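Data first, discussion second: the structure below is written as structure tokens.
None of the figures in this text is laboratory data; all of them are computed from the coordinates on show. The shown structure was predicted, so the numbers you read here are calculated from the model rather than taken from an experiment. Cβ coordinates were reconstructed from backbone atoms using ideal geometry, including for glycine residues, and neighbour counts include every protein chain displayed.
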Amino acid sequence: MGDNVDNQPGSGSAITQYRKNPFAIAGLCLGIASVFLYTIGVVPMLAIIFSGIGLAKLHQYAGAGKIQSWIGLVLGIIFTIMYLFA
């Protein structure tokens with residue numbers, strides 16, 4: 001009688017948990033870091049890799065992290081090109 005089942009996680013209650021996409025966040029952080037550290041070529045390349053994984057896993061996180069993944073991917077590509085031709 002004292003159990004309130006509606007507030008239990010996964011019970012289908014009106015409270016929806018927001019899941020964050022850790023690969024998208026890592027890709028964005030690495031993309032921003034590559035602005036300053038693009039001379040270390042692995043940083044923008046890791047931004048591309050993590051952002052790509054973040055985009056691939058969008059369906060697992062209900063679309064969370066789409067913008068972060070795209071920003072990290074674009075920054076990673078730009079600064080990888082700068083690293084290669086600078």
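Every Cα-Cα pair in region 19-85 was counted, and those over 21 Å apart are 18% of them. A Förster distance of 35 Å, applied to the separation of the beta-carbon atoms of Val35 and Gln60, puts the FRET efficiency at 0.80.
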